[in-house]
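Chemist: First the structure, which I've put down as C-alpha cells, then a few questions once you've had a look.
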Amino acid sequence: MDYQAFQLILTNEYRLEVTLMSCKEKKAEFIPNGSMTPCWYTLLKERIFLDEDNQLTAKIMILLNNLGLSPNLCGYSYLKRAIEMGYWDPTVLYHVTKMVYPDIAREYHTTVASVERAIRHCIDVIWERGNKELYYCILRGVNMEKPTNSSFIASLTESLRFLDKCRQS
C-alpha cells in the first residue's frame, strides 16, 4: 500500500492507536501544505492493547520518532534497547560501557564497538537533522551541547520515568 502519513498515539488505557492514510482508495479529499492539488485518502485506524513492556517500547518508539530518528538505522534498535534497560534498572546508567553495550552486543550478535558507534551515529543524526527543540524541552534547557551516548540515554530514560510518575499522580 502507498501510505501518505503514519501516526502513533499512546493513550492512557494501555492502547496504541495507529493511523494510516492510504492514497490508493478514494474516500475523502484534503490539500497537503504548500500544494494546490487535492489528494484522496482513506483513514485506517487500528487499536492495539498493550502490556506494560510493550507500552514502554511504544513510548520509546514514539519519542525517538518525534526526535527525528529513522527506524531504518541499526542504532535505532540499540538505542531503544538501551533506554529500556535503563528504565527497568537505573543502576545500568552508571555503567553504560561496561553493562549496556555488552548486553546489547550479545543480544544482536555484534561487537561492543559497533553498538557504541551506531548509537553515536543516531545521536549525530538527531543533532544535525532532528527535532532539537523537543530534545531541549526534555532536558529542560540544562545542556545545549551535543550529548555523549550515556548522557543521551540517561536523559531520555529519566524523562520517560518522570512522565510516568506525572501520569500516575
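The values are calculated or read from the model by the stated rules, or taken from the named source; none is laboratory data. On a predicted model such as this, the values are computed, not experimentally measured, just so you know. Cβ coordinates were reconstructed from backbone atoms using ideal geometry, including for glycine residues, and neighbour counts include every protein chain displayed.
Chemist: If the requirement is being without any contact (Cβ under 8 Å) to a residue 24 or more places away in the chain and surrounded by 16 or more Cβ atoms within 10 Å (Cβ to Cβ), which of these qualifies: 132, 80, 165, 146?
Modeler: Details: 132 fails: surrounded by 16 or more Cβ atoms within 10 Å (Cβ to Cβ); 165 fails: surrounded by 16 or more Cβ atoms within 10 Å (Cβ to Cβ); 146 fails: surrounded by 16 or more Cβ atoms within 10 Å (Cβ to Cβ).
The unique qualifying residue is 80.
Chemist: Also: Looking at 118, 113 in this structure, which one is surrounded by 15 or more Cβ atoms within 10 Å (Cβ to Cβ) and either small (Gly, Ala, Ser) or within 20 Å of residue 72 (Cα to Cα) (or both)?
Modeler: 118
Chemist: If I filter region 141-161 for residues that are in the same structural domain as residue 95 (by TED's automatic domain parsing), within 22 Å of residue 94 (Cα to Cα), among the charged types (D, E, K, R) and not in a helix (DSSP H, G or I), do I get at least one hit?
Modeler: yes
Chemist: State which residue pairs qualify: first residue more than 16 Å from residue 135 (Cα to Cα) and inside region 58-74, second residue part of a loop (DSSP other than H, G, I, E, B) and hydrophobic (A, V, I, L, M, F, W, C) in any location, beta carbons under 8 Å apart, and separation of 6 or more residues or different chains.
Modeler: What qualifies is 58/50.
Chemist: Here's something else I'd like to know. Applying the selection to region 62-76, what residues are surrounded by fewer than 18 Cβ atoms within 10 Å (Cβ to Cβ) and part of a helix (DSSP H, G or I)?
Modeler: Filtering region 62-76 for residues surrounded by fewer than 18 Cβ atoms within 10 Å (Cβ to Cβ) gives 62, 65-66, 68, 70-74.
Listed by number, the residues that qualify are 62, 65, 66, 74.
Chemist: Can you confirm whether region 105-128 contains a residue that is in contact (Cβ under 8 Å) with a residue 60 or more places away in the chain and either under 18 Å from residue 157 (Cα atoms) or not hydroxyl-bearing (Ser, Thr, Tyr) (or both)? I'd like the intermediate steps shown before the answer.
Modeler: Kept after step one, since they are in contact (Cβ under 8 Å) with a residue 60 or more places away in the chain, are these residues of region 105-128: none.
The answer is no, given that none of the residues of region 105-128 is in contact (Cβ under 8 Å) with a residue 60 or more places away in the chain and either under 18 Å from residue 157 (Cα atoms) or not hydroxyl-bearing (Ser, Thr, Tyr) (or both).
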